[in-house]
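Accompanying notes for the structure given below.
Where a number appears in this text, it was derived from the coordinates with a stated rule and is not lab data. Keep in mind it's a predicted model, so treat the numbers as computed, not measured. Cβ placement follows ideal geometry from the backbone for every residue including glycine, while neighbour counts extend to all protein chains displayed.
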């Protein structure tokens, strides 16, 4: 056998709380003891022990439902039967959701029993002790506590006091339903209906089992009057103390009375030693309302406690309502805050969106502006480049190329944005170049009649802003100098050309001009003299105007030995031709030949040499000279339609020699004329020359088509072309001619 | 006339096997905690826990089945080992079934989650067995007291004051307002009664054991308390 220590432990375990999990045969509701139980109810097992009886889970075979059967302890059958009956009556009479309803009572059996609703769930004690700390889920436990208070308040209102309120006697169902159990020690106050209280009993610690003892209740939760066993003093305020004790455990995690054994607890309860409990309640950190309520309930003197459970329930309800109100207020405040924040966020978002939109708009605007500016800059650069190109061509007097560059610039301006100032420059430059081109074009014409020359030159100068007819020579010269300084020499030479054509020196008319023509001649030469910056040319013009032949001869001799610019040579040529109107112009031609020696690459010298040579003034052999110089002129200005047209015509003239039609010259003439038309589709000289070439080549229909188109464009053909056409009628015989 | 279920554990078992509802209810009440404690310890933290109730039910059925474990006994065996063998075999069967099911699904299965320091299931079984016997012994002693009268009942109260409330003999004497020597004498008597009640319980489960064997079984059981 083991030692006494093991036996002590064995006995402690044997008598420990919960009692033996086994029941003796006598404790089972046997057929003899409880015939009704066995007949109607099938016992399924023991649920627990109450103060005066054992509770079984059973099945009602008639109604097919499970229920609880409470059977009076066998050892209490005599003394507690009445008490047991009273418990059943209380359970049956107190109709409240917080009280387990009693279905049936069998008091006549050997062992009384009653059936009641089967309550499944967990006790408040279990739930409280599972908390990690006292503050855990406190609101939930307070709501359950409120239900207990309401249940007890109902009982108090019905004159019933429970007398054994503790967390172990509160069952919390799975759905939150709260029911107060074990009304075995309950008492009906005033003695009405239910008889006097039983003999003193006591419970075993926290266990459900109760046996005969000295006091009713559970020491840890007991009021002073309970611990003292003063049964007559027990009333609703005793339950109020127990409610305070439950509240104390909810708030602090422990009941008001703490101790190692029941005797200690009973002593503390009897003495009303609650200092520790109040201190713990004060330190629990709960809201003041709850602390005050716990203090009021846990008073030693009954008169200091709330009158009944209704008052406690009201206080707890008020507190929970205030909490809910606080929660609602907080929620409302939070909602308002959220709404305000949302509004602010919305406003911020709107601001951000607007800012973003504005930013995007500005960015897009800036980008577009930048892009446009960039494009504008690029376009300006491109147009300026074209302007420079045109200027270069103009400086080389290559008006065709200059015009082409300016046309390209104009096209660019029409197609895209260009700075207005540059566009204006292009327009002005185009007008000027067009006018100059026209002026120069006249210089190429050697068969134009004086009236036409006068009209075309006047219009061209008008386009340059110089009204030659309305102004005197000095004013014209001043306007040229002021407005077209860079072109003053060219314009002066143009005026020289205009003057020379008025007198017919460029034609074969060889008639003495009338006074009016001579006066105009003098005005134009004088205007050229005002415009020209070259002193040698001014003296030349003066000599020409004074008809100072000696001076002209001197200048012609001088030019052979002294180098002069090609413009001066050309001017001398014109002056000599004017002076030699009725003479042969051999000197003038020789001046060009001399000039060619010094300026073989001058366009006008070559162009005029070709023209004079082709006129045959110095014999047929000059046809080759004309073609040579015309070829040089084309080489010098390949983009000049007039030069090409002249070259083509010189070739054609050479082809139409006395020995027949030179097909090689004719083909080359045709190519040059086609090229001239390509360069300037409106060029009458080239179109008529091509028509003649085609005619002579046998393509009469196509030639006629071209001439019809020229007539349609110009009303009538110039005399030169008419002659050219007439000449076709005497086309030499066809056949190869040997080149000389 | 019903056979007294309290004669031996085997009369209880055979009564249950014969279909007596009271015997089955009593059997379940007495041995359910032991069976559950063993199975819960064996399957602690593992997937088998879901089958615990089924296994308990199977254990009961196995105990009551005439051609089962009960039929293979001649009535002389120790009930403690008999019940242990039954519940262990039932547990194994359930484990094998679960493993087979898992294997069929291609799953790996760990039946138990061993807990360091925790007692093994057989140890848990023995302790649960001991607790049951101790509580039954206390109940038996109380029953005797009820039959014997007030003095015996007073000794039961003495045992509860001493071992539940933890009161020393002196205080109990003060409470009862009797000399401590009187309480000491009553206390010794109560202890003897408890020891006798425990021996009765052991004898209930080992009907054919000698007194020495019963003493040895008691000692062995109490060793579990150390």
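With each label modelled as a point 7 angstrom along the Cα→C-beta vector, the residue A:5-residue A:455 pair spans 15.0 nm. The GNM of chain B, with springs linking C-alpha atoms under 10 angstrom apart, assigns the highest mean-square fluctuation among B:182, B:202, B:90 to B:182.
Classify the range A:216-316 from the C-alpha gyration tensor, please: rounded if a/c falls under 1.5, else prolate or oblate depending on whether a/b exceeds b/c. Oblate shape, in that a/c is at least 1.5 and b/c is the bigger or equal ratio. Taking the longest Cα principal axis of chain B as reference, the axis of helix B:21-42 is set at about 70 degrees. Build a GNM of chain B with springs between Cα atoms under 10 Å apart, and of B:57, B:175, B:213 the one that fluctuates most is B:175. The listed peptides A:356-363, A:419-426, ordered by packing as a protection proxy, come out as A:419-426, A:356-363 (highest mean of other Cβ atoms within 10 Å first). Compared with the dominant principal axis of the Cα atoms in chain B, helix B:79-104 is inclined by about 30°.
Between rounded, prolate and oblate, where does chain B land on the alpha carbon gyration tensor, with a ≥ b ≥ c its root eigenvalues, rounded for a/c under 1.5, else prolate if a/b exceeds b/c? Walk me through the intermediate numbers first.
Working: a/c = 2.71, a/b = 1.75, b/c = 1.55.
In terms of gyration-tensor shape, prolate.
Can you tell me how the range A:359-437 classifies by the Cα gyration tensor, rounded, prolate or oblate, using a/c under 1.5 as the rounded cut?
Details: a/c = 4.00, a/b = 3.25, b/c = 1.23.
Because a/c hits 1.5 or more and a/b exceeds b/c, the range A:359-437 counts as prolate.
GNM remark for chain B: springs join alpha carbons under 10 Å apart, and the peak mean-square fluctuation among B:144, B:43, B:176 falls on B:176.
Given R₀ = 41 Å, what would the calculated FRET efficiency be for residue B:211 paired with residue B:154, taking r from the Cβ atoms and rounding to 0.05?
Numbers: r = 29 Å, r/R0 = 0.71.
Computed FRET efficiency for residue B:211 and residue B:154: 0.90.
With respect to chain B, whose longest principal axis is taken over its alpha-carbon atoms, helix B:52-64 is tilted by about 80°.
Across peptide B:139-146, what mean number of C-beta atoms from other chains lies inside 10 Å of a residue's C-beta?
Details: counts 9, 4, 3, 7, 6, 0, 1, 4.
Mean number of neighbouring Cβ atoms from other chains: 4.
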